[in-house]
Every structure is written in structure tokens, then in C-alpha cells.
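As C-alpha cells, the structure follows; a few thoughts come after it.
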Amino acid sequence: RIIPSFTSQTFASTFNSRSISTLVLAEHEGSSLKIQSVSAVKAAKSLSKDNSISLLLAGSGPGLHEAAAQAASCDPSVSQVLVADSDEFSHPLAEPWAKLVRLVQQKGGYSHVITTSGSFGKNIMPRAAALLDVSPITDVTGISEPHLFVRPIYAGNALCTVRYTGVGPCLLTIRATSFPVSPITSDSKSNEASISQVDLSTFGEDSVGKSRYVKHTSQDIERPDLGNARVVITGGRALKSAENFKMIEKLAEKLGAAVGATRAAVDAGYVPNDLQVGQTGKIVAPELYMAFGVSGAIQHLAGMRDSKYIVAVNKDADAPIFQVADYGLVGDIFDVIPELLEKLPEK
Ligand code: FAD
């Protein structure tokens, strides 16, 4: 429900008096907890000072337990790590995971369940919400009160304040870029939360639904992940071909940056669609975002306007990208990029 203004004392006092306990549905890759999950913990912390936070990790094999050990010390506010170890969770298929969220939420009576707005969370959370018969609140960028959230609408052109008025648990997906955290280091052992196994004896055998895991493919490149990179170099339609787009890749290599692209560049086949930044692509907020030959359509801006510094190069001085750029250069990318490549030292 969208409400016009921020506070209503009655609502606030009612909700604040209820105890808050949060289940964070975490993601791991091999034996490492994903940094986005630490952002979800940060979001959980902003719900209430005395929030009791549990982290749920699912998967199978020894990597899961190493990730759980890392999760136990990722933030002093995490009181317990719940591990669901089963072949059912070897791959992030939405049906068994959504069922797991329901099982754990119902056993623990959590008031909130949080995960990040990536493909993992977007896949699982709506199904978990359906199983729990509640409406999820997605893409949260700010938390004002335990049941009052801010989320972007109209491709990020407006912010909407939403109050959760449901009677069941409040399920949220948060934008990790709005809850930035420092990288997880091996010495971040400020606290050791307890680690326990989720009892899956009541889980049932019919949990695998209509989807089936086929395969996982990923590009074998050493570049940083687009979603978390400190520097992103993006190319637009102006690159004209996949061959020319390699200039963007070379520049990214020199700067240790991730490569991004506009939808026009993706649709033209210059790069695969996992590099798309924007409303229907990835949402990024790096320290430096460099856009080459990008017009700055609102759907593109929706995915990068929160970047700390935006640099744009475009030959059209009236291109909308210059309205959000901190540094703009009116010029031809086919002159500017080769010059940059020449002047930047090798990494
Ligand atoms: P263009 O708009 O064609 O801009 C190319 C720019 O390059 C121009 O400004 C031009 O002046 C400049 N240029 C040309 N040649 C040179 C040169 N030699 N040197 C310097 N500058 C040059 N787009 C996204 O990016 N991400 C999304 O997620 C996304 N989602 C969408 C969702 C919907 C529902 C819709 C309708 C659209 C979406 N779009 C998205 C598409 C978006 O509207 C734009 O069409 C797209 O972003 C344009 O990409 P572009 O800037 O590369 O191309």
C-alpha cells in the first residue's frame, strides 16, 4: 500500500512494540558468503536496534559449512546461522528454496525475512511470499521503521514510501547497493554466532516443482563482478560492433574495472545480456562509472544513477547522460578511447 507521508504515530508505536526478529536468506559461492548477503544483514540491522538476526544458508557439501563459518563472523549482530544441507539445495531452484524459507520462518516465527534483489532473491522471494500468503516488498532502498520502506518506482525517477500492513511476516528484497558494506576479510572475526542445522525431516519429498536444473555456464574472465565492482566502464550503441566493443574491454582491463553495456549494445549483439545495466539489467552503484557513447535514457539511468562519480563521453553536447554526469567530455569515442588506452599505464 502506498501512503502519502512518512509517519503515523499509532502505526509506529504499535509496530515498534512488537519484537523484531529477522531471517536473512543468504547466498554463498563455493565456500564464501556473498558480500550482498552482508548488505542484507546491514538492512536487517536498520529495522530495529534489538533485532535478533538469523542467517539461513542452504546448499550441499563441505563448501557450505565453510561459508557458514564465515557467515557466523560476518557481523556482530548475527546471533545464529542456520544451515540446510541437502542435495535439494545444490542449485538455487526456486521451488525447494521457497519451501525452505516457509519452513524456517514458521519454525522461528520471524517477523521479517530479507534477501537481496538479485536474480537469486527475485526468483525465490515471491514464491516464498505466496507460500506464506503475504505480499513481498521488493527493491527496498531505505528502511525508516520496521514496517515502513522506501523503494524506487518509474525506473528510479521517483521514490515511493510503502507501509507493510499485512498480518504475516514481512518479506523484503533489498538493493545491496543501498546498504554498502566493506569486503569480508578473514580477520573480521568480531563475533562468533552459533551454527545449527535446519531439521529437514518434515521437508517432504515432493519439494522439487516444475523447474529442473540443467546447467550453469559462466564466462571464464578475471574481471570484477559487475554488481560489486568499484569501477564500471560501459559502452553504448555508438561502439557500432562487437569488434569495436573490445576497446571498452581493454580499457576495463587497464583500470581493473567491470564492463557494462546499454540495452541497445546488448540487443545489437556486441556483448551478452548479463552485462546490461539498467531497469531491465543490473543495478550498479560503483565509485566510478564511465559511460562511452551512451545517450542516458531513463531506463539506463535507473541502473547507474547512484554511482558516486559518473564520467560521460558523448559527441552530442545535449545528450541526457550529461545531466547526471559529474565529468562530461563532448567528443568522439573513437578518438577518446584510443587516447586513454595509450596514456593509461599497463595494470
Ligand atoms: P542510443 O540511445 O542510440 O545512444 C547512443 C549515443 O551515442 C547517442 O547519445 C550518440 O550521441 C552517441 N554517439 C554516437 N556516436 C558517437 C561517437 N562516435 N562518439 C561519442 N558518442 C557517440 N536500456 C538500458 O541501457 N538498460 C536497460 O535496462 C533498459 N531497459 C529498458 C526497458 C524498457 C521497458 C525499455 C522500453 C527500454 C529499455 N532500455 C534500456 C532501452 C533504453 O530506452 C535506450 O534505448 C538505451 O539505453 C539506449 O542505449 P544507448 O545509449 O547505447 O543508445
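Every read-out reported here was derived from the displayed coordinates using simple, explicitly stated rules and does not represent laboratory data. What you see is a predicted model, and the numbers here were worked out from it, not measured in a lab. Methodologically, a virtual Cβ is constructed for each residue, glycine included, from the backbone with ideal geometry; neighbour enumeration extends over all protein chains shown.
Restricting the search to the stretch 22-41, which residues are in contact with an Asp or Glu (Cβ under 9 Å, 6 or more places away or on another chain) and surrounded by fewer than 19 Cβ atoms within 10 Å (Cβ to Cβ)?
Once the filter is applied, which keeps residues that are in contact with an Asp or Glu (Cβ under 9 Å, 6 or more places away or on another chain) and surrounded by fewer than 19 Cβ atoms within 10 Å (Cβ to Cβ), the stretch 22-41 yields GLY30, SER31, SER32.
How about the stretch 318-342: which of its residues are hydrophobic (A, V, I, L, M, F, W, C) and within 8 Å of the ligand (Cβ to nearest atom)? Even if it seems obvious, please write down each step before you answer.
Let us first name the residues in the stretch 318-342 that are hydrophobic (A, V, I, L, M, F, W, C), namely 319, 321-322, 324-325, 329-330, 333-334, 336-337, 340-341.
Correct list: ALA319, ILE321, ILE333, PHE334, VAL336.
Would you point out the residue of the stretch 134-147, among those that are within 20 Å of the chain's Cα centre (by Cα) and of a type in the set (A, V, I, L, M, F, W, C), that is farthest from THR115 (Cα to Cα)?
ILE143
Among the residues of the stretch 265-274, is any within 13 Å of the ligand (Cβ to nearest atom), over 20 Å from GLY118 (Cβ atoms), of a type in the set (Ser, Thr, Tyr) and crowded, with 21+ Cβ neighbours inside 10 Å?
Among the residues of the stretch 265-274, at least one is within 13 Å of the ligand (Cβ to nearest atom), over 20 Å from GLY118 (Cβ atoms), of a type in the set (Ser, Thr, Tyr) and crowded, with 21+ Cβ neighbours inside 10 Å, which makes the answer yes.
Tell me which residues, restricted to the stretch 292-302, are within 6 Å of the ligand (Cβ to nearest atom) and either out of contact with any Leu (no Cβ under 9 Å at 6 or more places or on another chain) or β-branched (Val, Ile, Thr) (or both).
VAL294, SER295, ALA297, GLN299, HIS300
Which of the residues that make up the stretch 303-317 are touching an Asp or Glu at 6+ places or on another chain (Cβ under 6 Å) and more than 9 Å from the ligand (Cβ to nearest atom)?
Residues satisfying the conditions are LYS308, TYR309, ILE310.
Go through the stretch 237-347 and tell me which helices (runs of 4 or more DSSP H), entirely inside it, have 1 or more residues that are small (Gly, Ala, Ser). Even if it seems obvious, please write down each step before you answer.
Details: elements: 242-255, 263-267, 298-301, 321-324, 333-343.
Output list reads 242-255, 263-267.
Which one of the conditions (1) crowded, with 22+ Cβ neighbours inside 10 Å; (2) near the ligand (Cβ under 7 Å from one of its atoms); (3) closer than 22 Å to THR141 by Cβ; (4) over 18 Å from the mean Cα position of the chain (by Cα) does GLY281 fail to meet, given that it meets all the rest?
If we test GLY281 against (1) crowded, with 22+ Cβ neighbours inside 10 Å; (2) near the ligand (Cβ under 7 Å from one of its atoms); (3) closer than 22 Å to THR141 by Cβ; (4) over 18 Å from the mean Cα position of the chain (by Cα), just (4) comes out false.
Taking LYS107 as meeting all but one of (1) crowded, with 16+ Cβ neighbours inside 10 Å; (2) not in a loop (DSSP other than H, G, I, E, B), write down the number of the exception.
Condition not satisfied by LYS107: (1).
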